[in-house]
Amino acid sequence: MNNKFRILVVEDDANICNFVKTILETNNYQVIDAASGGSGETMFLSHRPDLVILDLGLPDIDGIEFIRNIREKSETPIIVLSARTNESDKVEALDTGANDYVTKPFGTDELLARVRATLRDSRRNANGEKIGRSKFQTADMTIDYEYRRITVGDSEVKLTQIEYNIVELLSINAGRVLTYSEIIKKIWGYSDYGSIKKLQVNMANIRKKLGEKPGENQYISNELGVGYRMNDSEVIR
Ligand code: CA
């Protein structure tokens with residue numbers, strides 16, 4: 001079959017590389033791999049993968065630099081593998097142009113969920129449509145994009161304009177984390193000193209209105225220090 005998605009794995013740790021390769025190949029993806037940033041870039045140019053899975057800690061160049069180099073040439077989605085506990089690295093990777101990240105150690109289901117969500121997003125973008133459907137559903141919450149209406153179970157949830165816009169934005173990107181600054185720029189169009197606080201206040205109100213208790217991530221996960229992720233029905237946790 002030559003219509004398989006082709007995934008480039010750039011990872012210098014042979015064990016992790018083989019682990020990722022096995023998972024992907026078992027799930028019908030075609031995999032090519034590189035053990036350094038330099039060979040990764042060469043492979044990228046000669047094989048034109050549909051997705052890149054990138055380790056941030058490479059022996060030759062920094063993973064962030066790799067993302068920057070790829071983004072100069074292409075919009076091919078990139079998922080970052082990060083062993084680091086420092087959240088600012090993840091934020092920097094996302095803001096440089098990575099589409100999502102997986103923190104090591106990770107499991108098979110988590111990796112596959114990120115790969116599926118990322119490939120689906122890029123297909124949608126290629127078709128030029130942002131919302132390819134009129135409704136969105138996760139758990140018992142439904143969003144009707146046409147009427148800008150949100151229901152949980154049978155009851156309608158009354159959100160302000162800004163609150164609705166945030167939920168809609170997260171749902172369009174369901175399964176993918178959006179950084180605080182990405183959300184702020186899309187919702188308010190600018191970012192200033194108080195923006196994160198403003199976003200947090202709105203998110204707290206959204207969660208309360210959806211009936212989500214603190215620490216409960218039924219609809220929206222708070223990825224501490226990074227951003228928010230709307231759960232996708234396909235995402236296995
Ligand atoms: Ca490494």
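Here are the numbers for this structure:
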| quantity | calculated |
| --- | --- |
| Test: residue in the range 98-112 that is free of Cβ contacts under 8 Å to residues at least 24 places away in the same chain and at positive phi | no |
| Output for the range 75-111, where each listed residue is open to solvent by 20 Å² or more (accessible area, probe 1.4 Å) and in a helix (DSSP H, G or I) | 87, 88, 89, 91, 92, 95, 96, 108, 109, 110 |
| Residue 140 at pLDDT 90 or above and not assigned by TED's automatic domain parsing to the domain that holds residue 55 | yes |
| Qualifying position, being at pLDDT below 95, out of contact with any Cys (no Cβ under 6 Å at 6 or more places or on another chain) and under 19 Å from residue 206 (Cβ atoms), among 85, 160, 118, 103 | 160 |
| Filtered residue count, the range 8-46, keeping only those that are in a loop (DSSP other than H, G, I, E, B), within 12 Å of the ligand (Cβ to nearest atom) and buried (at least 18 other Cβ atoms within 10 Å of the Cβ) | 2 |
| In the range 51-74, the residues that are away from the ligand (no atom under 13 Å from the Cβ) and not in a helix (DSSP H, G or I) | 51, 52, 74 |
| Pair list, Cβ < 6 Å and 6+ apart or interchain, from the range 71-97 residues that are in contact (Cβ under 8 Å) with a residue 12 or more places away in the chain to residues that are away from the ligand (no atom under 16 Å from the Cβ) and charged (D, E, K, R) | 79/100; 79/114; 96/68; 97/71 |
| From 27, 69, residue being within 16 Å of residue 118 (Cβ to Cβ), of a type in the set (S, T, N, Q) and in the same structural domain as residue 101 (by TED's automatic domain parsing) | 27 |
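The values are calculated or read from the model by the stated rules, or taken from the named source; none is laboratory data. Being a predicted model, the structure only gives us computed values, none of them experimental. In this analysis, Cβ positions are derived from the backbone assuming ideal geometry, glycine residues included, and neighbour counts consider all displayed protein chains. Side chains are part of the model used for accessible areas, which takes the heavy atoms of the whole protein and leaves out ligands, DNA and RNA. Shrake-Rupley method; radii C 1.70, N 1.55, O 1.52, S 1.80 Å.
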